[in-house]
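Enquirer: Before anything else, here's the structure in question.
The values are calculated or read from the model by the stated rules, or taken from the named source; none is laboratory data. These numbers come from a predicted model, not from an experiment. For neighbour counting, all protein chains shown are included, and Cβ atoms are generated from backbone atoms with ideal geometry for every residue, glycine included. Surface areas here come from the heavy atoms of the whole protein model, side chains and all, with no ligands, DNA or RNA. Shrake-Rupley method; radii C 1.70, N 1.55, O 1.52, S 1.80 Å.
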Amino acid sequence: MSLTTESSTNFWLTRPFSERSTQIFLGVLLAALALVTLLHVAVPPDNPLHVGAYTVNLFGKYLSYALLAVAVDLVWGYLGILSLGHGAFFAIGGYAMGMYLMRQIGDRGTYGHPVLPDFMVFLNWDSLPWFWHGFDMAWFAFAMVLLAPGLLALVFGFLAFRSRVTGVYLSIITQALTFALMLAFFRNEMGFGGNNGLTDFREIVGFDLRSDATRLGLFLATGVALALGFILCRAIVTSKLGRVSVATRDAEARTRFLGYRVERFQLFVFVVSAMLAGLAGALYVPQVGIINPSEFSPIFSIEIVLWVALGGRATLYGAVIGAILVNYAKTIFTGVMPDAWLFALGAMFVLVTVFLPKGVAGLFGYLKRRKREDQTTDPDHQQTSKEASA
């Protein structure tokens, strides 16, 4: 590799670190991780400031949802593809992790079978299906967390983008994809636990999932994954690939006329987004303790889009804000008024659409512009600028 190429590659990968928005995001995320860890470990349990294991688990769940929202914002905000099926990639990554966790149970299950999971013994299965082989090894399972959703996105995206399916038609077939997978995974003969899914996990890479230390470790791992996923997405959108993606979003026909193979750019970004969604699902499963076909539900995929819309599309950090705010509100409402949650979600979406059309992140941009305008109209600021220029 030449020095020019190496320098260009390094610049492309490190470019997000020079952005103020990325620095602020990473700083806030790091501070939040450190604060939760400190309040969980150093503060006594009888202290009101103590963060319990349940809350740590809940925060980890929020962070996995935030990573999923970043993946959706990458394709919707910068590529213009409104995917209503990203819940499928999230669930596939979750099932890959769940299969590994089930294999770790061994003979400690209800039926004591050393190889077959309990649900297979209950259904009188004689042997392990071929697609379960290898999931007793951590490296294989972790690889499948990325490869399985990535391969599905590659095949689906190749057929869709090659056929130039765009707009609402693409959104409909992504929704049809996740609905078809949901129906398939509900069937017991598929070998994924049917309606009950996969649960009763015991350990991950030798660590007890019921211990507070493991829960804290999963929370921190999810935070690190969110940071790395955010940096990767910022590196993509600030590169030439990102500029072509935005051009495709705004004027696909014109971009094709300029000579770009638009479908290749779309396919690459779509696959990266699917792999990030799969990673989010894999981090979600050991923290909630279950994965079932409901994660394939089209309603869940639509809810992910609402997170991004409420937080602010095409900002990435807005997707994180939207995912955390909405899911925190869901936790509160479902605990106080379970039947009112959907109405509250609808009200939030309407209010933000009317008063904050660019989402919560758009409010930050508005305040920044107002501050800049106030500085330019301030006589003292103008006098200082003239003296500096003189």
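Enquirer: Go through region 224-234 and count every residue that is farther than 16 Å from Gln266 by Cα and in contact with a helix residue (DSSP H, G or I) (Cβ under 7 Å, 6 or more places away or on another chain).
Expert: Qualifying residue count, region 224-234: 7.
Enquirer: Okay, moving on. When you look at Ser294, is it in contact with a helix residue (DSSP H, G or I) (Cβ under 7 Å, 6 or more places away or on another chain) and either open to solvent by 30 Å² or more (accessible area, probe 1.4 Å) or in a helix (DSSP H, G or I) (or both), yes or no?
Expert: Spelling it out, it is not the case that Ser294 is in contact with a helix residue (DSSP H, G or I) (Cβ under 7 Å, 6 or more places away or on another chain) and either open to solvent by 30 Å² or more (accessible area, probe 1.4 Å) or in a helix (DSSP H, G or I) (or both).
Enquirer: Where residues in region 187-240 are among the hydroxyl-bearing types (Ser, Thr, Tyr) and without any contact (Cβ under 8 Å) to a residue 60 or more places away in the chain, which of them is most open to solvent (accessible area, probe 1.4 Å)?
Expert: To start, the set of residues in region 187-240 that are among the hydroxyl-bearing types (Ser, Thr, Tyr) comprises 199, 211, 214, 222, 238-239.
This time we only want the ones that are without any contact (Cβ under 8 Å) to a residue 60 or more places away in the chain, so: 211, 214.
Values: Ser211: 37, Thr214: 16 Å².
Top of the filtered list is Ser211.
Enquirer: Looking at Thr331, is it hydroxyl-bearing (Ser, Thr, Tyr), at pLDDT 85 or above and either open to solvent by less than 30 Å² (accessible area, probe 1.4 Å) or not in a loop (DSSP other than H, G, I, E, B) (or both)?
Expert: When the stated conditions are applied, Thr331 passes them.
Enquirer: Against the condition touching a residue at least 12 places away in the same chain (Cβ under 8 Å), buried (at least 17 other Cβ atoms within 10 Å of the Cβ), β-branched (Val, Ile, Thr) and closer than 21 Å to Val75 by Cβ, how does Ile302 come out, does it pass? Give the steps one after another, and end with the answer.
Expert: Values: touching a residue at least 12 places away in the same chain (Cβ under 8 Å): yes; buried (at least 17 other Cβ atoms within 10 Å of the Cβ): no; β-branched (Val, Ile, Thr): yes; closer than 21 Å to Val75 by Cβ: yes.
When the stated conditions are applied, Ile302 does not pass them.
Enquirer: Scan region 47-69 for residues that are more than 15 Å from Ile321 (Cβ to Cβ), hydroxyl-bearing (Ser, Thr, Tyr) and either in contact with a helix residue (DSSP H, G or I) (Cβ under 7 Å, 6 or more places away or on another chain) or assigned to a loop (DSSP other than H, G, I, E, B) (or both) and jot them down.
Expert: Selection gives Ser64 alone.
Enquirer: Please go through region 111-129 and give me each residue that is polar (S, T, N, Q) and touching a Leu at 6+ places or on another chain (Cβ under 9 Å), ordered by number.
Expert: Ser127
Enquirer: Moving on to the next point. If you go through region 25-44, how many residues are over 19 Å from the mean Cα position of the chain (by Cα) and either more than 21 Å from Thr331 (Cβ to Cβ) or open to solvent by less than 50 Å² (accessible area, probe 1.4 Å) (or both)?
Expert: Here is the first cut: in region 25-44, the residues over 19 Å from the mean Cα position of the chain (by Cα) are 27, 31, 34-44.
Going one step further and asking which of them are either more than 21 Å from Thr331 (Cβ to Cβ) or open to solvent by less than 50 Å² (accessible area, probe 1.4 Å) (or both), we end up with 27, 31, 34, 36-44.
The qualifying residues number 12.
Each row is one residue, and each column tells you yes or no for (1) open to solvent by 40 Å² or more (accessible area, probe 1.4 Å); (2) modelled with pLDDT of 95 or more; (3) closer than 21 Å to Pro293 by Cβ; (4) touching a Lys or Arg at 6+ places or on another chain (Cβ under 8 Å).
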site: Ala91; (1), (2), (3), (4): no, yes, yes, no
site: Gly98; (1), (2), (3), (4): no, yes, yes, no
site: Thr110; (1), (2), (3), (4): yes, no, no, no
site: His113; (1), (2), (3), (4): yes, no, no, no
site: Leu123; (1), (2), (3), (4): yes, no, yes, no
site: Met137; (1), (2), (3), (4): yes, yes, no, no
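Enquirer: Confirm whether Ala138 is of a type in the set (Gly, Ala, Ser) and more than 23 Å from Gly194 (Cα to Cα).
Expert: yes
Enquirer: Could you please give the count of residues in region 117-134 that are in contact (Cβ under 8 Å) with a residue 12 or more places away in the chain and not in a loop (DSSP other than H, G, I, E, B)?
Expert: Number satisfying all stated conditions: 6.
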